[in-house]
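S.K.: Below: one structure in structure tokens.
The values are calculated or read from the model by the stated rules, or taken from the named source; none is laboratory data. Here the structure is a predicted model, which means the values were calculated and not measured. Here Cβ is always computed from backbone atoms with ideal geometry, including for glycine, and neighbour counts include all displayed protein chains. Each accessible area value is taken on the protein alone, full model and side chains, heavy atoms only, with ligands, DNA and RNA left out. Shrake-Rupley method; radii C 1.70, N 1.55, O 1.52, S 1.80 Å.
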Amino acid sequence: MRRFRALLFSFGTLLLVGSGACRPSSEANGVVGSFGRMGLGPGDFTYPRAIAIAPDGRVFVVDKSGRVQRFSPDGEYETGWTMPRTAEGVPVGLSVHPDGRLFVPDTHNHRVQVFDRDGALLSEFGRAGSGPGEFSLPTDVAF
């Protein structure tokens with residue numbers, strides 16, 4: 001739990017200042033490192049919107065451009081992809097299933113998309129509405 005809180009605190013630091021590459025810092029204030037900077041390149045962010053940490057320690061971040069990026073536990077960029085249909089809106093949440101699949105609530109398209117850790121779309125479910133299997137602007141998935 002301490003590592004998770006430290007990563008979340010680091011993400012908050014990332015949102016406020018950015019830093020270029022992963023850089024270690026003092027654990028005295030709970031920060032163990034930070035990563036990313038403003039921009040559209042690999043490892044860059046345009047207003048990060050959500051973060052999720054996989055069981056293996058990999059970190060997924062989605063930003064306001066609709067890009068999902070994966071980082072190693074040490075903050076090194078590994079891969080990324082852009083969500084389909086971003087013209088309607090972009091996700092505001094991410095969740096990693098215990099088996100490693102990434103669930104992305106595609107908020108403005110009223111569905112949830114499921115990706116493997118490399119960004120391959122595995123499945124999707126949901127549609128607009130209020131009945132069974134229907135969503136109205138989903139924002140998160142919990143396990």
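S.K.: Arg117 versus (1) over 19 Å from Val59 (Cα atoms); (2) open to solvent by 80 Å² or more (accessible area, probe 1.4 Å); (3) not aromatic (Phe, Trp, Tyr): which is the lone unmet condition?
M.R.: (1)
S.K.: Can you name every residue in region 120-143 that is in contact with a helix residue (DSSP H, G or I) (Cβ under 8 Å, 6 or more places away or on another chain) and open to solvent by less than 30 Å² (accessible area, probe 1.4 Å)?
M.R.: Pro138
S.K.: Quick one: in region 82-114, which of the residues that are part of a loop (DSSP other than H, G, I, E, B) and over 17 Å from Asp140 (Cα atoms) is least open to solvent (accessible area, probe 1.4 Å)?
M.R.: Filtering first and then ranking leaves Pro84.
S.K.: Of all residues in region 53-68, count the ones that are of a type in the set (Gly, Ala, Ser) and buried (at least 19 other Cβ atoms within 10 Å of the Cβ).
M.R.: 1
S.K.: If you go through region 69-81 one residue at a time, how many are small (Gly, Ala, Ser) and buried (at least 21 other Cβ atoms within 10 Å of the Cβ)?
M.R.: Residues flagged as small (Gly, Ala, Ser) and buried (at least 21 other Cβ atoms within 10 Å of the Cβ) within region 69-81 amount to 1.
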